[in-house]
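What follows draws every value from the coordinates through simple rules; no lab data is involved. Not measured: the values here are computed from a predicted model. Virtual Cβ from ideal backbone geometry, glycine too; neighbours counted across all protein chains shown.
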Amino acid sequence: MMLSTQKHLFSLKDTIHYLNCAYKSPLLKTSEDELLKAVQKERNPINFTPNDFFEDTEIVRQLFGTLVNCNAKQVAVIPSTSYGLASVLNNISYTTGQQVITVENEFPSDYYSIKRWCDTHNAELKIIKPNAELKHIGENWNTKLINAINHKTAIVNISSVHWMTGLKFDLEAIGKKCKSVNAKFIVDGTQSVGALPIDIKKYNIDALICASYKWLMGPYAMGLMYISSEFNNGIPLEESWMNRTNARNFKQLTNYTTNYGEGAMRYNVGQTSNFISMPILKSGLEQITRWTPKAIQNYCEDLIVPLRNYLQNLGLVFEHSKYFSNHIVGFTLPSTINIDLLIKQLEAHRVYLSVRSTSLRVSVNVFNTTKDIEKLITVIELTKK
Ligand SMILES: Cc1ncc(COP(=O)(O)O)c(C=O)c1O
């Protein structure tokens, strides 16, 4: 399927150029409608039936399961990536001499979570760095990471694409190596799931944890997590009545039970139903399922190629396609660009993206058009020394 621009499904004005979905997704019009309905429903509590506490959660688990190729039963609703990481890491035991592997400049919620696991168990944390002297770091970085995984590795925790540069990790090869040495493969999918196809089975992922407010077009403070069935008997962070087998029977809740619902249910955050936010997550996932991550990625590629060509002419080097994602592209500007002027001009032309020192992170999605990219190129041209 070929997608054309989907800007009409959002409320972004033509006068702004929002190249920052990696920061936060704009709200879909359908999500806004659902949100308004949800707010209106709050007017009167008698509108809420016991079924309402569970129904949308089940649909959302199903939609996410389809997106990442897992059984919906293995999906849990979480409030943040850090919550999902803690839920999983608390259930990974340690054997003397084991190590954890991650990469340099990994997202802080991941780093702090695995750091705590390492500190608790006195385990070594191995941080794999890219070779900064190479023009293309992707191949070498992935190889170094894969070679570092051995029988002492308890956990490999990385993001599916690097959150600062969009560099793609070879999840299939890393997952295969993890499996061969029995290491747990924990992937933070926040910066790609929704915009890039992923398959937990093909990649041998043990836990896939995603905040939803970027590429899943969900609300802030809601995320989703796949965990393998190995965690199904684990201890969740909290004990919510909602996750027990008798939860749907409101008249019998104090017939306490020791049984949790099936699969990953025990890891659902308390008050899972989140009546205001859940409709946003649901309609975001429904829309992404209709578009498909593959078509979204192709659309992003068509947008990014002209920018990439332009920047290559300025002397920049980009990763080969295997390690390059089209929805997030981070790059360091050449010294011929006046960065202070650039920041001012971006603001003046209402081009929104992430700037960090002399690096820019451009992220695109189906609400962007070639006009947004052309505007960015115009602004860069204006700021040449
Ligand atoms: C890779 C990655 N993971 C996670 C998050 C969000 O983390 P949390 O849900 O813990 O706030 C972000 C936000 O930018 C991110 O880029």
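List of remarks:
- Theoretical FRET efficiency, 1/(1+(r/R0)^6), r = Cβ-Cβ of residue 348 and residue 233, R0 41 Å, to 0.05: 0.10
- Look at 256, 226, 299 and count the other Cβ atoms within 10 Å of each Cβ; fewest to most, that gives 256, 299, 226.
- Calculated over region 290-368, the projected area of the Cα convex hull averaged across directions stands at 5.8 nm².
- Largest first, the extents of the alpha carbon coordinates of region 252-385 on the three principal axes equal 74, 29, 24 Å.
- Additional length obtainable on full extension of the chain from residue 122 to residue 37, 0.36 nm per residue less Cα span: 25.6 nm
- Candidates 75, 351, 39: whichever shows maximal mean-square fluctuation once the chain is modelled as a Gaussian network with Cα springs under 10 Å: 39
- Between 0 and 90 degrees, the angle of helix 370-382 with respect to the longest Cα principal axis of the chain falls at about 50 degrees.
- The tail of the calculated P(r) for region 55-118, taken as Cα-Cα distances beyond 16 Å, holds 59 percent of the pairs.
- Estimated FRET transfer efficiency (residue 382, residue 356; beta-carbon r; R0 25 Å; 0.05): 0.75
- Once the Cβ-Cβ distance of residue 332 and residue 150 is raised to the sixth power relative to R0 = 41 Å, the FRET efficiency obtained is 0.80.
- When the listed pairs 144/177; 29/282; 214/375; 135/322; 115/177 are checked against a 18 Å cut-off, the alpha-carbon distance exceeds it for 214/375; 115/177.
- Qualifying trypsin sites (Lys or Arg not before Pro) in region 190-266, DSSP loop, other Cβ atoms within 10 Å at most 15: 201, 202, 248
- Across region 157-171, coupling constants 3J(HN,Hα) worked out from phi with the 6.51/-1.76/1.60 Karplus curve, θ = phi - 60°, read 10, 9, 8, 4, 10, 5, 5, 8, 10, x, 4, 8, 8, 7, 4 Hz, and Gly and Pro carry x.
- Taking other C-beta atoms within 10 angstrom as a stand-in for reagent exposure, 302, 372 fall in the order 302, 372, fewest first.
- Normalised convex hull volume, region 199-302, alpha-carbon set, Å³ per residue: 122 Å³
- A Cβ-based charge dipole, computed about the Cα centre of the chain with Lys and Arg at +1 and Asp and Glu at -1, lands at about 240 debye.
- Cα long-axis angle, helix 138-148 against the chain (0 to 90 degrees, to the nearest 10): 40 degrees
- Relative contact order of the chain: 25 percent, from C-alpha pairs under 8 Å at least 6 residues apart in sequence.
- Helix 339-348 and the longest principal axis of the Cα set of the chain meet at an angle near 70°.
- Residues 169, 324, sorted so that the one with the fewest Cβ neighbours within 10 Å comes first: 324, 169
- Spacing of the modelled spin labels on residue 58 and residue 202, each 7 Å from Cα toward Cβ, amounts to 3.0 nm.
- Looking at region 124-166, the GluC sites (Glu not before Pro) that sit in a DSSP loop and have at most 14 other Cβ atoms within 10 Å of their own Cβ are 133.
- Of 323, 96, 256, farthest towards positive along the dipole that unit charges on Lys, Arg, Asp, Glu beta carbons give the chain: 323
- Here is how the number arises for the chain: DSSP H runs of 4 or more residues each give -39500 (n - 2.57), the sum is divided by the residue count, and the result at 222 nm is -10500 deg cm²/dmol.
- Using only Cα coordinates, the Kirkwood hydrodynamic radius of the chain works out to 22.0 Å.
- Whole-number D in µm² s⁻¹ for region 256-335, Kirkwood Cα-pair radius fed into Stokes-Einstein, 37 °C, 0.692 mPa s: 195 µm²/s
- Note on residue 251 and residue 182: their simple-model spin labels are 5.0 nm apart, each label 7 Å out from Cα toward Cβ.
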